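To keep things clear, I will list the structure first and then write my remarks on it.
The values are calculated or read from the model by the stated rules, or taken from the named source; none is laboratory data. The structure presented is a predicted model; accordingly, all values stated were derived computationally and were not measured. Using ideal geometry, Cβ is built from the backbone for each residue, glycine included, and neighbour counts are taken over all protein chains shown.
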């Protein structure tokens, strides 16, 4: 493939070398993705989409940098503690963004990470490393900017309590979007109102934790050094139980992942009983992204609580 002129210019400026090869990479449902090779043998991972959607790339880059900064601090602490162990979660480094106005395309350029196969205690190590990431705190729930979950806008207005944030910035916006599209009637609205009144008794208090925000089985990989790598974030500071609940919704996480997490930072008693409440958010997102197949599952949870 011939690289767009803007992408070629980007690598000449930032790496000092020409692009010699573009190889499409499968797996993405929102963006086109490719591996870019330069004449010096270095490789990069590039996401491509319309310039009109550039803001998604900007917010993803901001989220990756937040996670990278936290992961680097965790890695330094772990190395100091264990005399040379540089494990922990790995985050792709943001190289930059560029636009090609001739083609109307925007590009997000990241480091290329060679995938490996999980081996040994990968799952347990991943769980422990995620718990360490969650220990990064903020004074309030939310973030200083809105971002996206998939291609949908994600509201991150700051709130002092998790229940307010969860209702105002997670459930209500997605429910309203789904209802406008004709997926829910008045009974679901009544069920959500009843749940809202019970959130304080149902969900325990915890300080805001740094969350990946979209952690399902397709948004992590194992690198060649058997380290977990987080990709495609929807970062915010929230209740860590919401992240753990999301990991269980579509599978992809081994039993050792959860035992490793509990070793590092045990969850409060009763988490399995609360898990479905947290998963109302990703289920509503899936209603809005993929249609009515998730409606009955969402309505069943709302009705139960």
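Side notes on the structure shown:
- Verdict on residue 191 being within 16 Å of residue 301 (Cα to Cα), touching a helix residue (DSSP H, G or I) at 6+ places or on another chain (Cβ under 6 Å) and not in a loop (DSSP other than H, G, I, E, B): yes
- Scanning region 48-74 for residues that are over 15 Å from the mean Cα position of the chain (by Cα) and crowded, with 17+ Cβ neighbours inside 10 Å gives 48, 49, 54, 74.
- Scanning region 1-24 for residues that are surrounded by 15 or more Cβ atoms within 10 Å (Cβ to Cβ) and either out of contact with any strand residue (DSSP E or B) (no Cβ under 9 Å at 6 or more places or on another chain) or assigned to a strand (DSSP E or B) (or both) yields 19, 22.
- Residue that is nearest to residue 277 (Cα to Cα), among those in region 124-167 that are in a strand (DSSP E or B) and out of contact with any strand residue (DSSP E or B) (no Cβ under 7 Å at 6 or more places or on another chain): 149
- Looking at region 213-305, the helices (runs of 4 or more DSSP H) lying wholly inside it that each contain 1 or more residues that are surrounded by fewer than 15 Cβ atoms within 10 Å (Cβ to Cβ) and assigned by TED's automatic domain parsing to the domain that holds residue 127 sit at 255-264, 271-278, 280-290, 295-304.
- Qualifying position, being over 30 Å from residue 9 (Cβ atoms), surrounded by fewer than 19 Cβ atoms within 10 Å (Cβ to Cβ) and at pLDDT 95 or above, among 152, 143: 152
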